[in-house]
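Worksheet: the structure to be examined is printed underneath.
What follows draws every value from the coordinates through simple rules; no lab data is involved. As the structure is a computational prediction, the values presented were derived from the model and not from experiment. Every residue, glycine among them, receives a Cβ derived from its backbone with ideal geometry; neighbour counts consider all protein chains shown.
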């Protein structure tokens with residue numbers, strides 16, 4: 001499952017799939033040798049396939065997420081058994097993707113994206129894992145709606161949106177909820193918290209200031225760093241000869257530095 005931009009080529013998709021296969025195969029080898037078992041803890045609720053809001057509430061409940069903003073979604077995802085890999089895809093065409101097998105899910109996030117985009121992409125991919133055992137024509141919208149509800153719970157956001165919503169307030173909400181101004185505005189409009197004319201006006205304001213392409217850097221927050229993969233490699237290096245790991249590199253025709261880059265460890 002891919003979260004991608006427009007105009008991505010089949011070659012780019014094939015390249016990313018190949019990249020994902022190399023990383024997952026090597027990490028599975030490390031897990032096997034270490035006797036590590038990392039499986040998804042959150043069961044897939046079969047009755048929530050087309051109910052993203054309910055699925056997001058379900059995930060919050062299963063993961064024991066408190067009310068209010070999620071401080072570190074990556075940490076929560078890893079606690080729920082997802083293996084998160086933040087890495088440079090080499091281009092910005094693809095935001096992220098998931099590779100799953102039974103109860104094992106690797107979520108790859110493009111480190112070239114902004115911190116708010118990375119968080120939303122991670123939430124989007126968690127949504128696919130929770131809702132979509134089988135693909136459907138509406139799955140990308142459903143995953144986006146899941147991500148929006150997970151990061152911006154309806155009842156809580158509603159109380160944050162006043163009648164005088166403006167760009168300054170959107171900026172404040174971004175810093176509080178760690179979600180882009182655009183995603184907050186989209187949620188406010190689609191959920192009916194603001195009138196259409198107000199929504200249209202604010203979208204024009206974002207465009208006029210260039211914020212639909214890039215939001216102010218002064219609002220940036222730290223990128224969340226996964227820890228599970230780094231921990232696996234550290235354990236492996238302590239317990240096994242490094243040449244065993246290097247043998248895996250040779251099998252896949254990659255160098256150690258390239259593998260570290262793939263895992264975002266440079």
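Using the 10 angstrom Cβ neighbour count as an exposure proxy, how do 11, 38, 70 rank, fewest first?
By the 10 Å Cβ count, ascending, the order reads 11, 38, 70.
Before rounding to the nearest 500, sum -39500 (n - 2.57) across all DSSP H runs of length at least 4 in the chain and divide by the residue total; then give [θ] at 222 nm in deg cm²/dmol.
Mean residue ellipticity, 222 nm, calculated: -17000 deg cm²/dmol.
Mind sorting out which of [x] 59, 48, 27; [y] 63, 38, 34; [z] 65, 46, 40 is the real Cα extents along the principal axes in Å computed from the coordinates?
[y]
Against the longest alpha carbon principal axis of the chain, how many degrees, from 0 to 90 and to the nearest 10, is the axis of helix 52-62 turned?
With rounding to tens, the tilt is 60 degrees.
Find how many whole Å separate the alpha carbon centroid of region 47-66 from the alpha carbon centroid of region 80-100.
Cα centroid to Cα centroid, the span is 22 Å.
May I ask you to list the residues of region 37-69 whose amide nitrogen lies under 15 Å from a point 7 Å from Cα along the Cα→beta-carbon direction of residue 79?
41-42, 59-69
Could you work out how far apart the two model spin labels at residue 204 and residue 112 are, taking each label as a point 7 Å from the Cα in the direction of the beta carbon, and quote it in nm?
The modelled label-to-label distance comes out at 3.4 nm.
With each label point set 7 Å from Cα along the Cα-Cβ vector, what nm distance links residue 66 and residue 141?
Going by the 7 Å Cα→Cβ label model, 3.6 nm.
Could you tell me the extents of region 153-221's C-alpha atoms along the three principal axes, largest first, rounded to whole Å?
28, 24, 17
Of the listed peptides 215-221, 20-26, 117-123, what is their order by residue-averaged count of other C-beta atoms within 10 Å, with the highest listed first?
117-123, 20-26, 215-221
Hey, what angle do you get for helix 115-131 against the long axis of the chain, alpha-carbon based, 0 to 90 degrees rounded to 10?
So the helix axis and the longest Cα principal axis differ by about 80 degrees.
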